[in-house]
Amino acid sequence: MIEIQNVHKSFGQLEVLKGIDLVVQKGEVVTVIGGSGSGKSTLLTCINGLEPINSGKILVDGTEVHAKSTNLNKLRRKIGIVFQQWNAFPHLTVLENVTLAPRKVLGMAKAEAEAIAERQLMHVGLGDKLLAYPSRLSGGQQQRMAIARALAMAPDYMLFDEVTSALDPQLVGEVLETLKMLAEEGMTMICVTHEMAFARDVSKRVAYFHQGVMAEIGAPEQIFGDPQHPETRKFLASVR
Amino acid sequence: MFETALSAADLIFLAKGAGITIVVTAISVVIGTVLGILFGVLRVQLGPILSAPLTLFLDIFRSVPLLIQLVLANSFIGMVLKLQLSGFFVACMVLSLYTSAYCAELVRGGIDAVPGITRRAARSLGMSWAQDMRYIVLPLATRVALPSWIGLALGVMKDSALVYVVQVTELLKSTQILITRLQEPLFLLLICGAFYFIISFPLARFGGYLEKRSSND
Ligand SMILES: Nc1ncnc2c1ncn2[C@@H]1O[C@H](COP(=O)(O)OP(=O)(O)O)[C@@H](O)[C@H]1O
Ligand SMILES: [Mg+2]
């Protein structure tokens, strides 16, 4: 379970998160929508401790992420994250990209890590690219590789930050299919997305962010069918 | 016909000088590179303000002519520290620090060229700072810095000719000794140049090979 309690976060003078409260249950898929600059990416990087927070609390399975005593390297093993910008390790093959963390972080033997990596890469449809370098992959393939890389750590949670927004339109579908498949398998996910149809299809709840505030959260039918907050209505009208 | 007083023994004398040049260069490049990586990482990690003293220290080695550094270091060690160190040792020490100062810049540039998002990805997978450095940042920085590093190593080899001021008889000094005795400056310098070329050629070719290889993937 991920518990976000009254989280405030500023970059210098700019307050980016203004008291966020959100609980994500095991097995739940929550999508986050909202205009650019509303703090969506920042929230995700606070959840895995890449960014510090100013006040409030984030608990992952009861462990306080920003407590001094927390071993972040250990905590991050169970929180996978995939970013908007492609972030392959360019000097490693696809297979090595995926086996690196299981081997070095989890101390797995090479053969075992490779078996897991091959399975995950097959799962995301990259079984024939094991020995390719990332520069030979399309954007969609790179994102699917990043998903496999995160999954190889057997995380309990997956965070996705607009993983399709840097892709050419014809490549968006293959990545969304992969996310859908994960959701159907019961992965606990927080997906920041601009793909409204996807949000409607896969999420249990949809959160709308506006200027650092979670203006509204609810079932997809409610958010898309009967939005309560005027800003949500405005936003949805603008993306349609 | 061309005639020379150069004997086989003289050629061996020159080869010994070349050997000294190779050894001084190799030691300085190895130690200088290790120190350079350390200094470069420290500079990035400490940030511009905290690393200012280190930056200043390295800038001195980069801006004062090597000849002056050698003479000053030699006098300082002998007269102030009252230590009896061989010229060879002093030469390697000064040349190592000189190399490290340039190498630190290359390392810093290489590390800065690694995108922040790549490092975030590594840390997000649970890698520690050291693992990120070891498996992601330094390999990527190496790719960026390697061509310039080859240039640095070649430069150090040529600069090592200056260590004659601390009584180390390397290749150029050996040549000068022969010139004084045989009075055949052009011919001897030609041979000396050939020695330098033979020493640097493999390194230059290796650099070209690496450059080609890294542009392939
Ligand atoms: N590292 C940073 N330093 C300073 N400002 C930042 C940083 N990251 C994000 N911001 C600012 O925080 C605000 C929220 O950013 P972000 O969380 O990326 O929004 P979103 O993902 O919803 O588009 C933006 O105004 C952005 O410019
Ligand atoms: Mg964002």
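Descriptive notes on the structure:
- Paramagnetic reach from B:GLU184 in segment B:8-44 [backbone N under 11 Å; point 7 Å along Cα→Cβ]: B:8, B:10-11
- Shape analysis of segment B:11-216 yields a ratio of the Cα radius of gyration to the Kirkwood radius, Rg/Rh, of 1.05.
- Seen from a random direction on average, the alpha-carbon convex hull of segment A:126-202 projects onto 5.3 square nanometres.
- Taken over the Cα atoms of segment A:58-132, the convex hull encloses 130 Å³ per residue.
- For the pair segment B:85-108 / segment A:218-234, the C-alpha centres are spaced 66 Å from each other.
- Helices meeting the span-like rule in chain B (full DSSP H runs, Cα extent of at least 20 Å along the helix axis, mean Kyte-Doolittle score of 1.6 or higher): B:8-50.
- Kyte-Doolittle mean at least -0.5 and Cα axial length at least 15 Å: DSSP H helices in chain A: A:94-104, A:139-151, A:169-184
- Cut-off 14 Å (backbone N to label point 7 Å along Cα→Cβ of B:ALA15), residues of segment B:166-194: none
- Over the protein assembly as shown, DSSP H runs of length four or greater, each weighted -39,500 (n - 2.57), average out per residue to a 222 nm ellipticity of -18500 deg cm²/dmol.
- Efficiency of FRET between A:GLN170 and A:HIS194 - r from beta-carbon atoms, R0 25 angstrom, step 0.05: 0.95
- Counted charge near A:GLY39, where neighbours are those whose Cβ lies closer than 15 Å (Asp, Glu -1; Lys, Arg +1): -4
- For segment B:1-109, the list of trypsin sites (Lys or Arg not before Pro) that fall in a loop by DSSP and count at most 14 other C-beta atoms within 10 angstrom reads B:LYS82.
- Value in Å of the Kirkwood radius, where segment A:2-239 supplies the Cα pairs that are averaged: 18.4 Å
- For segment A:54-62, Karplus couplings with θ = phi - 60° (6.51, -1.76, 1.60), whole Hz, Gly/Pro x: 8, 7, x, 8, 10, 10, 10, 6, x
- Phi angles of segment A:218-226 translate, via the Karplus equation with coefficients 6.51, -1.76, 1.60 and θ = phi - 60°, into HN-Hα couplings of x, 4, x, 4, 6, 4, 7, x, 9 Hz per residue; Gly and Pro are given as x.
- Rounded is the label for segment A:12-90, because a/c, from the alpha-carbon gyration tensor with a ≥ b ≥ c as root eigenvalues, stays below 1.5.
- Placed amide H near A:GLY56: partners under 5 Å, 5+ positions off or other chain: A:HIS8
- Spherically averaged projected area in nm², based on the convex hull that wraps the Cα atoms of the protein assembly as shown: 30.2 nm²
- The simple Förster model, with R0 at 45 Å and r as the Cβ-Cβ distance, assigns B:LEU210 and A:GLU112 a FRET efficiency of 0.85.
- Phi to ³J(HN,Hα) by Karplus 6.51 cos²θ - 1.76 cosθ + 1.60 over segment A:206-217, Hz, x for Gly, Pro: 10, 10, 9, 9, 9, 6, x, 10, 7, 5, 7, 9
- Relative contact order [Cα under 8 Å, 6+ residues apart], chain A, whole percent: 26 percent
- Per residue of peptide A:95-105, the mean number of Cβ atoms on other chains within 10 Å of the residue Cβ is 3.
- Packing, as the average of other Cβ atoms within 10 Å across residues, places the peptides B:133-144, A:217-228, A:38-49, A:19-30 in the order A:38-49, B:133-144, A:19-30, A:217-228, highest first.
No lab work stands behind these numbers, since they all come straight from the coordinates. Values in this document were obtained by computation on a predicted structure and should not be read as measured data. Cβ sites come from the backbone with ideal geometry, for glycine too, and all protein chains shown count toward neighbours.
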